[in-house]
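Written below as structure tokens is the structure these notes are about.
The values are calculated or read from the model by the stated rules, or taken from the named source; none is laboratory data. All values reported here derive from a predicted model rather than from experimental measurement. Ideal geometry is used to build each Cβ from the backbone, glycine not excepted, and the neighbour counts take in all protein chains shown. Quick note on the areas: whole protein, heavy atoms, side chains included, nothing else; ligands and nucleic acids left out. Shrake-Rupley method; radii C 1.70, N 1.55, O 1.52, S 1.80 Å.
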Amino acid sequence: MAENEMIFDSSILQNIAVHKIHKAKQAKLSDFPSYLNDNIINYFKQKGIKKLYSHQLQAINAINNHKNTVITSGVDSGKSLCYQIPILQQLQDNPQTRAIFLFPTKALTQDQKIKFTKFVSEFIEADIGIGIYDGDTPSEKRRIIKRSANLLFTNPDMLHLGILPHHTNWCEFFQNLKFVVIDEVHIYRGIFGSHFANVIRRLKRIAKFYGSNPQFILTSATLSNVEKFTRKLIEEDLEVISDDGSPTGEQHYIIYNPPIVNKELGIRRSAMQETVHIAADLFEQKGQTLVFSESRRSVELILSYLRKNVDEIKQVQGYRSGYLSSDRREIEKKFRSGKIRTLVSTNALELGIDIGGLDTVLINGYPGSIASTRQQFGRAGRSGKPSFCILVASSNLLDQYLVKHPEYLFDRNPEQALIDPDNPFILLHHLKCALFEKPFITGEQFGDLPQNVLDQYLQILQNYDLAYESNDKIFWKANSYPADEISLRTTGAGEFVLKCEDRTIGIVDENSAYWFTHPQAVYIHQGETYLVTKLDIPNKIVELVEKKTDYYTQTQSKTDFELIKLKKSEIIVGAERFYGQIKVTDIVKGFKRQKWHTNEILGYGDLELPPQETITYGYWFSISEEIIARLTEKKLWNNTKNDYGSKWKSIAEKVRKRDEHECQHCGVIKQEKKFDVHHKIPFKQFASVEKANQLSNLITLCPSCHRKAERMFYVQSGLAGLANLFRSIAPFFIMCDGKDIRVHSSSRIGLGTDDPGLVIHDSMSGGIGLSEKLYGLHYKLLWEAYTIVNGCDCKNGCPACVGPVAENGTGAKKQVIEIIKHLLKKSI
Amino acid sequence: MNDIEALLKGVLPNKKKKTRISKNKEIHNLVKGKYVAENVFLIENKFEINYKHIGNKLIKYQIHPLILNYSGLDKANIEDLLFIDTETTGLAGGTGTYVFLIGIGFFKEEEFILRQYFLTDIVNEKLLIEQFINELNKEKIYVSFNGKSYDVPLLNTRSIFNRCKGRITEHANIDLLHISRRFWREMLETYSLQNIEQKILKTGRTGELDIPGSEIPDAYFSYLNTRNASIMKNVIYHNKLDILSLTILLEKINKILFLKNYKNVNLFEIGRLYLQNEHVAQAISIFEDILESDISHLSAIKELSFIYKRNKNFEKASALWLEAVKHNEYYAYIELAKWEEHKNKNYTKALEWTEKALNSKYEEYIYESEEVNKLKHRKKRLERLIH
């Protein structure tokens, strides 16, 4: 604790809810293996790397023994060296050697290419070509790279779209391909990962065509199923190197809970303000701090608040997607060199961009997964010095749960990475691409896909006139370029360019443009505020003017469902299940202006933006009236909207008058819209309307404070609890990522049924069959949900089952168990 | 229909219709020719010199030095030329695009010989490409229409893909698309060979025997399904016309250059072509011709003035710059300023031009570019020299 007291003042110390200390760990060192060329060993020794960490030696040995290898040591543990050394050795022994490096982002590609170029130029005499081949590579450079690159740095998208379908241009490259290096492999999960697994199948097939059989080297963040996952991704046996031999200083893991500022309402101070407070304190102490925050907007808010609290504002910078890539490189460089002391970032920096070890990582609110939290925390740590990892809990249920149950964050296995390379929609696309690349010869395989399944697909392609068989060979037979038909990433939408007086200041992806840069929005960029003057949708341009504002804007949106075509429906036990094509409409309806710091609402604006429509497939089920009647009888149904009684309007007006139309928490006076009247003890917890509506239980609050107060007393509904369970278990049945499907609970579904129930749909436009699969798994899903919720040790609910319980609220565990029982039993 | 098929129906195209395999409609039943390898059918036609191809006579001709230089050649005999055109299963490129028809043409003595190698089943594409490679055994010069970026790289891809014996040699390529784009720049809406035939060669194709290029891939696929080669006759005809048109087009281009018959061409572009290929005298004469009939042709003024400057003919150069500043041409102010300062040592005049340059620049741009800063430096220096 001595270290701890040294750095924080008491206003911070008193709110530390959890403090765990990991003792400093000594490095486990080994000598360079003697089979390495002397000049390689000497080179690294001269650079100050006198010995290898144990995991580096293990990895180098495994790679040297031609084993496919995955390295999962921590951030900043010298993972890249594990493959750099054996590849350099190979290059020196055989300058013909080719290697392909796949990085999930362009930034990482740049970073690694520069490093390799340095090594190669410093001690390999042969002429070694090193090139980046991605969307930014100019065409005159492309020709040179195709011909002469030994080390090719690219990304999966480019491999899929540009390289494999033109493999003849890379003839020499593939003939000599020895290594496939895949960095940050844990990114390739869900649909993206399933696509990528097929791209690897195609890559191996083309390599084989040119007579090569490359060795795979992967790096990954810690995953609970790393071996299983990587085995499935590359369909090869792998050696897993996970025993991290790098040293770490003492590490402090802290969960900070903002203090309660209104006892009666249970409202805590905002996590963002507390994050700024702590970051400012850390800034004064001269250490280097990385602040993570979930959204791009929150990054900008923290940045501008923080700059108001410090003198050297240039040493505080922001980092997120949407900045120009040249600006991002510059920021990375300055942070690495220490010129920037505090960097506020979205998870854009979570990926392995090299910024060195830091003194402190500060996270504003739980990032939503254990894996992300650990990835972000992993940025802290310098050897020989203590480092601090601080999570500032927000008032979200999940965050408050972690405050009470830190073991969930620290001891549980991180989320699994799941993929399904054989998903029919994904597979079909890649088989088309594979066929385009090279005919299939009878008996030829495609990864681990069973032969009879492959044959079925090839037959289908023939039936639909996309393939042609002659002499035991099946050929692509269409006037098209199938790789163009799919994007590996679900968010493949276009980009809007942000223009301020003819100057391009950044970009915003199409999906976010509507809520981020709608007309009259305050757009914050590197801490400066701009006002959006025009959102030019056809030309994808956002026009902005620089303007200092005393407010920021926040959009209000809603999601609607519409049934397009019902494909299947069935009346089943206690419910009716449906499967069909649906339209999901997200509309940004308007926005509000909120004052900086106080968040006071200054006004509202309406927006007339075209709705963003996604046509996809969904599976939904409605719960029968009979069951609801039974549950209501047992007081286990709380999805009905509260009926505050016939006198509610006049009671509420009385309360507002009593409170003089002033928010009783923040003190704002009503302007346009009437303020809300809030039940201090939730309405649902009372037996009678009269008792709940007693004036002493009612209080006037502005909408923003009302939301805060509600969160603390949230009475979770059984349906919301069930949705939460489905959200966490469904991915396991269909091997997708959490974000590949969306799960909603609704008291009135509105897709051909007005009953309450759950709606689950494919996130991706057009769908890839996930919902249909789930429709068929209805009972299995319910049974699994039942097993989990029944077997969970918690009392009322927790994130591992129905979802966290509010600080002063009630969980829905009992209700959920009851609902599921009714949906599974033959007779009630 | 099995489960997978039912599931994927929404993302699949229309199901293949049941097709009847035609009898006696194979290519050898419909077109005169012979098989030279498995599934490779050769159609050979010989045309005597003076054969009339849609209104134009097929003749042997000299190739103008400009065209040779532009294509990276010093000299060439008409008999060294190999006219090529290929038909493929797709326009997207990439390894899934197969070549099924390669047409080549060349002059030999008193004849123009056209050979078309037609592939009756893509399974033997390798043999087709090898036939083509055999035609390349002696030094040749390709004449193509977009062959530099399409046909030749594609043939090269196919040779690697099929692991062919021998390679497609990288001969020089007279690419008539590139040349046409220069000759008739801004004068045609599209630069397709058909449009050039119509607008430049003043000929049209007879519709019933031809097929639009965009329909060729699907026509071939349908032939593979039905073995009915009737539509392939049109494709072969289309390919033949393309090659004959290439010979006529090249002759037309030569004639324009030899006879200096510059009506209906973009003369300025031809001047630039001469300049780029270091035929400076011709370039000067063309630019002078242009200015004779149109003294306000600003691009010609600019090009010509710089030729004069390079030739140290400042008198003529400065006359043109003085003409150009009438049109507020920024570069001309600068050139005049340089000329007055360095050659005439007339600093006052140089300063005058520099100031005018600055004013002309400020009107257009808000920002102070590097160029403007340079100008300001010049201004300061001149002011110092004057005082």
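Figures for the structure shown
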{"item": "Any hit, segment A:604-622, residues being out of contact with any Phe, Trp or Tyr (no Cβ under 6 Å at 6 or more places or on another chain), surrounded by 19 or more Cβ atoms within 10 Å (Cβ to Cβ) and assigned to a loop (DSSP other than H, G, I, E, B)", "result": "yes"}
{"item": "Restricting segment B:69-97 to residues that are under 17 Å from the mean Cα position of the chain (by Cα) and part of a helix (DSSP H, G or I), the residue that is farthest from the other protein chains (Cβ to nearest Cβ)", "result": "B:ASN69"}
{"item": "Entirely in segment B:100-209, the helices (runs of 4 or more DSSP H) that have 2 or more residues that are within 14 Å of chain A (Cβ to nearest Cβ) and at pLDDT 90 or above", "result": "B:125-135, B:151-161"}
{"item": "Failed condition for B:ILE21, given (1) farther than 29 Å from B:TYR150 by Cβ; (2) within 14 Å of chain A (Cβ to nearest Cβ); (3) loosely packed, with under 15 Cβ neighbours inside 10 Å; (4) free of Cβ contacts under 8 Å to residues at least 60 places away in the same chain", "result": "(4)"}
{"item": "Elements of type strands (runs of 3 or more DSSP E) contained in segment A:98-189, each with 2 or more residues being touching a residue at least 24 places away in the same chain (Cβ under 8 Å) and either more than 28 Å from the chain's Cα centre (by Cα) or outside the structural domain of A:SER220 (by TED's automatic domain parsing) (or both)", "result": "A:98-102, A:177-182"}
{"item": "When residues of segment B:40-54 are limited to those that are open to solvent by 40 Å² or more (accessible area, probe 1.4 Å) and in contact with a helix residue (DSSP H, G or I) (Cβ under 9 Å, 6 or more places away or on another chain), the one farthest from the other protein chains (Cβ to nearest Cβ)", "result": "B:TYR51"}
{"item": "Residue that is modelled with pLDDT of 90 or more and touching a helix residue (DSSP H, G or I) at 6+ places or on another chain (Cβ under 8 Å), where the choices are A:ILE370, A:ILE363", "result": "A:ILE363"}
{"item": "Residue in segment A:563-572 that is open to solvent by 50 Å² or more (accessible area, probe 1.4 Å), among the charged types (D, E, K, R) and farther than 18 Å from A:ILE760 by Cα present", "result": "no"}
{"item": "Which numbered condition B:SER222 fails, given (1) assigned to a helix (DSSP H, G or I); (2) out of contact with any helix residue (DSSP H, G or I) (no Cβ under 6 Å at 6 or more places or on another chain); (3) surrounded by 17 or more Cβ atoms within 10 Å (Cβ to Cβ)", "result": "(3)"}
{"item": "Selection within segment A:461-485 - in contact (Cβ under 8 Å) with a residue 24 or more places away in the chain and among the aliphatic types (A, V, I, L, M)", "result": "A:LEU461, A:LEU466, A:ALA467, A:ILE474, A:ALA483"}
{"item": "Enumerated helices (runs of 4 or more DSSP H) restricted to segment B:243-354, each holding at least 3 residues that are charged (D, E, K, R) and free of Cβ contacts under 8 Å to residues at least 60 places away in the same chain", "result": "B:280-293, B:298-310, B:314-325"}
{"item": "Residue match in segment A:745-755 (condition: within 23 Å of the chain's Cα centre (by Cα) and either of a type in the set (D, E, K, R) or not assigned by TED's automatic domain parsing to the domain that holds A:LYS654 (or both))", "result": "yes"}
{"item": "B:LEU188 being free of Cβ contacts under 8 Å to residues at least 60 places away in the same chain, in contact with a helix residue (DSSP H, G or I) (Cβ under 7 Å, 6 or more places away or on another chain), open to solvent by 40 Å² or more (accessible area, probe 1.4 Å) and not assigned by TED's automatic domain parsing to the domain that holds B:ALA300", "result": "no"}
{"item": "Scan of segment A:294-323 for residues that are assigned to a strand (DSSP E or B) and either open to solvent by less than 10 Å² (accessible area, probe 1.4 Å) or farther than 21 Å from A:TYR366 by Cβ (or both), ordered by number", "result": "A:VAL316, A:GLN317, A:GLY318, A:TYR319, A:TYR323"}
{"item": "Condition met for A:GLN685 (open to solvent by 70 Å² or more (accessible area, probe 1.4 Å) and either in contact (Cβ under 8 Å) with a residue 60 or more places away in the chain or in contact with a helix residue (DSSP H, G or I) (Cβ under 6 Å, 6 or more places away or on another chain) (or both))", "result": "yes"}
{"item": "Residue count for segment A:333-356, restricted to those that are over 18 Å from A:VAL508 (Cβ atoms) and open to solvent by 10 Å² or more (accessible area, probe 1.4 Å)", "result": "12"}
{"item": "Residue check for B:LYS9: of a type outside the set (A, V, I, L, M) and either within 11 Å of another protein chain (Cβ to nearest Cβ) or in contact with a helix residue (DSSP H, G or I) (Cβ under 8 Å, 6 or more places away or on another chain) (or both)", "result": "yes"}
{"item": "Some residue of segment A:32-54 being under 26 Å from A:PRO214 (Cα atoms), hydroxyl-bearing (Ser, Thr, Tyr), without any contact (Cβ under 8 Å) to a residue 40 or more places away in the chain and open to solvent by 20 Å² or more (accessible area, probe 1.4 Å)", "result": "yes"}
{"item": "Within segment B:24-33, tally of residues that are open to solvent by 40 Å² or more (accessible area, probe 1.4 Å) and out of contact with any helix residue (DSSP H, G or I) (no Cβ under 8 Å at 6 or more places or on another chain)", "result": "4"}
{"item": "Residue match in segment A:195-203 (condition: among the basic types (Lys, Arg), under 30 Å from B:ALA92 (Cα atoms) and open to solvent by less than 30 Å² (accessible area, probe 1.4 Å))", "result": "yes"}
